[in-house]
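Accompanying notes for the structure given below.
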Amino acid sequence: MPLVKHVVEEVQIPIRDAEGTVIRIETEMQARDVEMTPEEEKEFLATLPPQAESPIDKPATKDDLMTQLARIQKQIEALP
Amino acid sequence: MTQPTTYLRQYNFTNYQTLNPTSPPPGTALDAEFSAVKVTLDGVLANLKLIQRDDGQIANLSVGYDQFKTEVVSGGINPASPWLTATAYTVGTCVSINNIIYRCVVAHTSGTFATDLANGKWSVIIDLSSVGSFLSGTATGNGVTTAYNLGVQIQDVNRVIWVENGAVKTPTVDYTVSGTTLTRTVAPGGGVAISWRLLGSVSLTVPSDGSVTTSKLADSSVTTAKLADLNVTTAKIADFNVTGVKIAINSVDSTKVAANSLTFSNFQTVATQTLVGRNSGGTGSMESVTATQVLDWIGATQGQLLFRDASNWAALGVGTLGQVLRTTPGAANPTWVGSMTLLTANTAASVATLDLALTSGYKRYRLILDNFIPATNAVSPNMRFSTDGGSTYKTTNYAWAGQYNTTAASSGTYDSSTGGTTAVVLTAAAVSNAAGTTSSYNIDIYAGTGSTVPTYFYDSFSILSGGASNAAFKAGGNLGFNGPLTHVRFLFSAGNIASISYALYGVN
């Protein structure tokens with residue numbers, strides 16, 4: 001089953017008079033679900049962002065805190 | 001003295017001579033005749049002596065009132081009437097003109113008096129022109145009026161000659177006088193021609209300059225005609241005596257009203273909560289004007305705002321949907337700014353990505369995402385951008401940093417150095433797909449132009465695991481590539497988007 005992307009694009013809608021002459025162009029956004037092509041799907045899956053390591057979901061370890069401390073210390077030292 | 005004895009012949013001497021042709025006339029008869037003649041002649045001489053003096057003139061004290069004819073008794077002439085032209089005059093008719101009384105001596109129809117006089121139609125009876133003017137006048141009876149104002153003080157009733165239809169009336173008997181009024185005993189009948197003349201020197205002596213005092217003038221007798229135009233001065237009018245009816249309508253102009261003297265009560269009343277001005281078109285009278293009408297002079301379109309520019313009050317046109325009013329310190333006009341236009345709003349479900357076009361023409365965009373729930377449990381919500389019309393989405397150079405807080409009072413920082421740079425990670429925690437999970441985001445995107453690096457700011461609020469753990473995340477960042485951005489994509493680190501509600505606004 002192919003992946004689907006929900007696409008919202010700007011479309012140009014011509015407004016015509018009784019004689020069929022275009023008198024103005026109105027722009028509106030239209031939403032639609034579009035199946036990804038195999039190429040798109042392949043590329044999409046290849047570029048999925050990695051699952052971010054959540055600081056909320058995982059208690060900080062000593063190494064994490066030391067890393068943060070080192071970074072903060074480095075920032076402090078960088079201050080004039 | 002009786003009239004002399006009438007002489008009557010007593011004897012016919014012709015008959016005696018016929019019968020006695022040879023006898024002498026009888027002496028006794030002749031004596032008788034002569035005696036009778038003597039008696040009559042003596043009577044005539046005696047009566048003649050009574051009326052004739054010895055020098056042939058009429059005897060003194062011999063002519064009395066009864067000896068004159070009627071016209072002589074009534075002044076010696078027929079009553080005189082004012083001369084009129086085109087009038088048939090008979091001999092003996094008297095007229096007056098220029099204070100001279102004339103008697104008609106040749107019957108004629110009048111033309112020009114001087115011509116008639118030169119042609120011997122008139123002879124002078126009395127010339128009073130050298131002794132001054134007589135006041136005179138005419139009137140016509142109406143059967144009712146008895147009092148006639150002669151316009152001059154009358155000292156003596158006998159100085160007035162009053163004639164009605166040619167008949168001279170008798171002073172005191174037929175009329176009396178008082179002041180300037182002559183009162184007839186009986187009202188002259190309708191159509192009766194009245195002429196009167198005042199004898200005396202009413203105008204014979206012209207009063208010396210400045211000698212006629214107020215007491216010589218009858219009350220209420222000085223008429224308008226006696227006052228020269230433009231001669232009544234302000235001092236002649238008593239204070240507070242000129243009433244409104246003496247002032248002509250529409251005649252008092254602004255120069256007659258002292259400055260700062262009219263009070264509000266002098267003006268026409270106006271309706272409550274109205275001003276005095278003019279709302280109707282063109283020049284015209286003042287009107288009652290409402291505050292709305294006054295303000296409509298500046299701007300009358302619904303939704304306009306009034307403000308003061310450098311020199312006048314002006315109207316700020318109606319703003320567009322979502323605009324806010326911006327004022328600038330100092331001398332500057334207010335303006336509408338921050339127009340926020342809803343570009344699209346919808347929902348999606350069971351899709352791998354949500355790809356939104358960022359319509360050009362806006363300074364920035366605001367995205368509101370609700371119910372952004374993954375199909376796969378505990379995955380990261382991510383955001384990426386495209387600069388090529390949505391053909392590709394950048395997978396590198398995302399830098400972001402933020403702070404988070406949870407219900408456990410746990411706070412900390414979180415950034416791309418640990419969260420990754422292949423996409424913007426919208427929360428500091430994975431999103432649950434459990435029922436009741438809330439996953440909401442406010443995202444501001446500055447799309448940038450040309451070589452300007454786009455930036456973004458966002459905050460999110462998540463209730464994970466059905467409320468077991470709340471987390472709020474606020475972050476922002478720069479992109480490591482140039483704008484302008486054309487599209488934005490939302491996705492999860494794994495699996496489909498189970499559901500999402502989105503609203504995209506363009507902001508100027």
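The values are calculated or read from the model by the stated rules, or taken from the named source; none is laboratory data. Note that the structure is a prediction, hence the values are computed from the model and not measured. Using ideal geometry, Cβ is built from the backbone for each residue, glycine included, and neighbour counts are taken over all protein chains shown.
Residue-by-condition table, conditions (1) aliphatic (A, V, I, L, M); (2) outside any loop (DSSP other than H, G, I, E, B):
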| position | (1), (2) |
| --- | --- |
| B:117 | yes, yes |
| B:125 | yes, yes |
| B:137 | no, yes |
| B:143 | no, no |
| B:151 | no, no |
Single unsatisfied condition, residue B:120 versus (1) loosely packed, with under 12 Cβ neighbours inside 10 Å; (2) modelled with pLDDT of 90 or more; (3) among the small types (Gly, Ala, Ser); (4) within 28 Å of residue B:198 (Cβ to Cβ): (4)
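Quick one: in the range B:367-405, which of the residues that are outside any strand (DSSP E or B) and of a type in the set (A, V, I, L, M) is farthest from the other protein chains (Cβ to nearest Cβ)?
Within the range B:367-405, the first condition is being outside any strand (DSSP E or B), and the residues that meet it are B:375-378, B:380, B:387-397, B:399-400.
Filter once more, keeping what is of a type in the set (A, V, I, L, M): B:375, B:378, B:399.
Working: B:375: 11, B:378: 8, B:399: 14 Å.
So, considering only residues that are outside any strand (DSSP E or B) and of a type in the set (A, V, I, L, M), the one farthest from the other protein chains (Cβ to nearest Cβ) is B:399.
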Scan of the range A:1-23 for residues that are more than 31 Å from the chain's Cα centre (by Cα) and on the phi < 0 side of the Ramachandran plot, ordered by number: A:15, A:16, A:17, A:18, A:19, A:21, A:22, A:23
Residues of the range A:1-35 classified as more than 7 Å from every other protein chain (Cβ to nearest Cβ) and not β-branched (Val, Ile, Thr), total: 15
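Looking only at the range A:1-58, count how many residues are in a strand (DSSP E or B) and not hydrophobic (A, V, I, L, M, F, W, C).
As a first pass, look at the range A:1-58 and keep what is in a strand (DSSP E or B): A:4-16, A:22-35.
So of that shortlist, the ones also not hydrophobic (A, V, I, L, M, F, W, C) come out as A:5-6, A:9-10, A:12, A:14, A:16, A:24, A:26-28, A:30, A:32-33, A:35.
Qualifying residue count, the range A:1-58: 15.
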Given (1) of a type in the set (A, V, I, L, M); (2) touching a Ser or Thr at 6+ places or on another chain (Cβ under 6 Å); (3) within 18 Å of residue B:198 (Cα to Cα); (4) modelled with pLDDT of 85 or more, number of the condition residue B:105 does not satisfy: (3)
Pair list, Cβ < 8 Å and 6+ apart or interchain, from the range B:468-496 residues that are at pLDDT below 90 to residues that are among the basic types (Lys, Arg): B:479/B:394; B:481/B:394
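Going by the structure shown, is residue A:66 free of Cβ contacts under 8 Å to residues at least 12 places away in the same chain, surrounded by 11 or more Cβ atoms within 10 Å (Cβ to Cβ) and among the aliphatic types (A, V, I, L, M)? Spell out the reasoning first.
Details: free of Cβ contacts under 8 Å to residues at least 12 places away in the same chain: yes; surrounded by 11 or more Cβ atoms within 10 Å (Cβ to Cβ): yes; among the aliphatic types (A, V, I, L, M): yes.
Spelling it out, residue A:66 is indeed free of Cβ contacts under 8 Å to residues at least 12 places away in the same chain, surrounded by 11 or more Cβ atoms within 10 Å (Cβ to Cβ) and among the aliphatic types (A, V, I, L, M).
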Of the criteria (1) farther than 22 Å from residue B:456 by Cβ; (2) within 11 Å of another protein chain (Cβ to nearest Cβ), which one residue B:336 fails: (2)
Selection within the range B:158-178 - modelled with pLDDT of 90 or more and within 20 Å of residue B:217 (Cα to Cα): B:177
Test: residue in the range B:23-31 that is exposed (fewer than 13 other Cβ atoms within 10 Å of the Cβ) and either within 30 Å of residue B:63 (Cα to Cα) or in contact with a Pro (Cβ under 9 Å, 6 or more places away or on another chain) (or both): no
Count of the range B:154-167 residues which are surrounded by 14 or more Cβ atoms within 10 Å (Cβ to Cβ) and either farther than 17 Å from residue B:190 by Cβ or in contact (Cβ under 8 Å) with a residue 40 or more places away in the chain (or both): 7
Residues of the range A:36-69 satisfying the condition of being modelled with pLDDT of 90 or more and more than 10 Å from chain B (Cβ to nearest Cβ): A:37, A:38, A:39, A:42
Residue within the range B:414-435 that is more than 23 Å from residue A:67 (Cα to Cα), surrounded by fewer than 17 Cβ atoms within 10 Å (Cβ to Cβ) and more than 11 Å from chain A (Cβ to nearest Cβ) present: yes
Qualifying positions in the range B:413-436 - on the phi < 0 side of the Ramachandran plot and in contact with a helix residue (DSSP H, G or I) (Cβ under 6 Å, 6 or more places away or on another chain): B:425, B:432, B:434
Unmet requirement for residue A:72, which otherwise passes all of (1) more than 9 Å from chain B (Cβ to nearest Cβ); (2) in contact with a helix residue (DSSP H, G or I) (Cβ under 8 Å, 6 or more places away or on another chain): (2)
Which listed residue is in a strand (DSSP E or B) and surrounded by fewer than 17 Cβ atoms within 10 Å (Cβ to Cβ), from B:356, B:321, B:306: B:306
